[in-house]
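Asks: Dumping the structure here so I can ask a few things about it.
The values are calculated or read from the model by the stated rules, or taken from the named source; none is laboratory data. The structure presented is a predicted model; accordingly, all values stated were derived computationally and were not measured. All Cβ positions, even for glycine, are placed from backbone atoms using ideal geometry, and neighbour counts span all protein chains on display. When the accessible area is computed, the model is the full protein with side chains, heavy atoms only, and any ligands, DNA or RNA have been set aside. Shrake-Rupley method; radii C 1.70, N 1.55, O 1.52, S 1.80 Å.
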Amino acid sequence: AKAQGRNTFGFYTAEMNQVSLEKLRLEHDLRQAVARNELVLFYQPQVNVSTGQVVGVEALLRWQHPQLGMVSPAKFIPLAEETGLIVPIGAWVLREACAQSQKWQAWGFPPLKMSVNLSALQFKKQNVVQLVQSVLQETGLPAHLLDLEFTESLVMENTEYIIQVLQSLRDLGVQLSVDDFGTGYSSLSYLKRFPVNTVKIDRSFVQSVHHVREDAVLTRAIIALARSMNLKTVAEGVETIEQLNFLMQHNCDEVQGFYFSKPLPVFELEQLMHRQTHF
Ligand code: C2E
Ligand code: CA
Ligand code: CA
Ligand code: CA
């Protein structure tokens, strides 16, 4: 058995070793990133379709690695989830986003909804209700200004338990959004079981409303269904005027995407808000 065990090393090519070494190093660095203040939040505006006003922002995590530069969340969020680091990192994100939002309120900004992404692991490994409650208390942010985004897949396993947790979050007064809607396996009718306020239509549909008939049909269906259930709709990844017009025509409530703005660092978001409110 021992010889066999040793033999298995034969499967590792130099290239694979390189990849796993890189990953190990990234994991090591990520463990220190919070303490070293290398994580920052960018904020992407969410715009009301009928008024054109910024009504909210989504907090999106960025990692400024001392050697590697800006590491994309697409690269380090999966790693953070694999290692469980998303739990402390997610708590930091929530605190930072709520503190920022409260600061803007204190400055007299118009009420801006602050959307924060929650990973499924945060529901599993942590009392997320307690966390949200204490962060609201610490920061003084009014609960109704906080919007928590989660994906459909969270609710797919352990449905009853998760729905209870979501209900407790609603009881705190925060808003809930289903993120990336349409990409999961749940049927549209599943929506009525979730105690949510908002459906975020995934950008893969939005981006092909003019090229793929099925995506246009689905996008319209999601908006219509959500409306019939008194849920708000937010379309993600809006990049063109044509996409915006389509969404406007079909009564989508809010849009988010490069057409209006990329995710912005605090200072640039503040400048944008000053231009909007002339204050
Ligand atoms: P997401 O929650 O679906 O966030 C939207 C992503 O779409 C963001 O990517 C945003 O920059 C990008 N985006 C927005 N508008 C457009 C557009 O018009 N065109 C295109 N091509 N992209 C657009 P980002 O910031 O790279 O984040 C990627 C994902 O990483 C997020 O997807 C989310 O799943 C995850 N993530 C980011 N921050 C956090 C966080 O604080 N906690 C957790 N758990 N996940 C996070
Ligand atoms: Ca999101
Ligand atoms: Ca999304
Ligand atoms: Ca996504």
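Asks: Report, in order of residue number, the helices in the chain meeting two criteria: a C-alpha extent of 24 Å or more along the helix axis, and a mean Kyte-Doolittle hydropathy of at least 1.0; treat each whole DSSP H run as one helix.
Replies: none
Asks: Hey, can you find the accessible area per residue of the stretch 91-150 for me, probe 1.4 Å, expressed in square angstrom?
Replies: 39
Asks: Aspartates and glutamates within cross-link reach of K200: Cα-Cα under 14 Å, excluding same-chain residues under 8 positions apart?
Replies: Straight-line reach from K200, under 14 Å: E58, D147, E149, E152, D179, D180, E236, D253, E254.
Asks: Another question about this same structure. Quick check: from the Cα gyration tensor, does the stretch 55-213 come out rounded (a/c under 1.5), prolate or oblate?
Replies: Verdict is rounded for the stretch 55-213.
Asks: How big is the C-alpha Rg of the chain next to the rule-of-thumb value 2.2 N^0.38 Å, as a ratio?
Replies: The reported ratio for this selection is 1.10.
Asks: Follow-up. Send over the semi-axes of the stretch 22-74's equivalent ellipsoid, whole angstrom and largest first, taken as the square roots of 5 times the C-alpha gyration tensor eigenvalues.
Replies: 32, 10, 8
Asks: Rolling a 1.4 angstrom probe over the protein chains, ignoring ligands and nucleic acids, what is the accessible area of R203 in square angstrom, nearest 10?
Replies: About 140 Å², ignoring ligands and nucleic acids.
Asks: Let me ask something else. Apply the Karplus curve 6.51 cos²θ - 1.76 cosθ + 1.60, θ = phi - 60°, to the phi angles in the stretch 113-127 and return the couplings in whole Hz, x for Gly and Pro.
Replies: 6, 10, 9, 10, 7, 10, 8, 4, 5, 5, 6, 7, 9, 7, 7
Asks: Quick one: if you stick a label point 7 Å off each Cα along the C-beta vector at T83 and M156, how many nm between them?
Replies: According to this spin-label approximation, the distance is 2.6 nm.
Asks: As a test question: what accessible area, to the nearest 10 Å², does D253 have when a 1.4 Å probe is rolled over all protein chains in place?
Replies: Rounded to the nearest 10, the figure is 50 Å².
Asks: Let me ask you something else. Here is the link list: K103/K125; K125/K232; K125/K192; K23/K232. Which ones come out longer than 32 Å on Cα distance?
Replies: The pairs that break the limit, which is 32 Å between Cα atoms, are K23/K232.
Asks: Quick check: residue separation of Q18 and E239 times 0.36 nm, minus the Cα distance between them. What number comes out in nm?
Replies: 75.8 nm
Asks: Now, a different point. Under 17 Å Cα to Cα from K75, which aspartates and glutamates show up? Leave out anything in the same chain fewer than 8 places away.
Replies: E22, E27, D29, E38
Asks: Roll a 1.4 angstrom probe over the protein heavy atoms and tell me the percent of accessible area of the stretch 90-223 that is carbon or sulfur.
Replies: Here it works out to 49 percent.
Asks: Quick one: check the C-alpha center-to-center distance for the stretch 30-103 versus the stretch 229-270, whole angstrom.
Replies: 19
Asks: Kindly work out what percent of the DSSP beta bridges joining two residues of the chain are antiparallel, to the nearest 5.
Replies: For the chain, the DSSP antiparallel bridge percentage is about 40.
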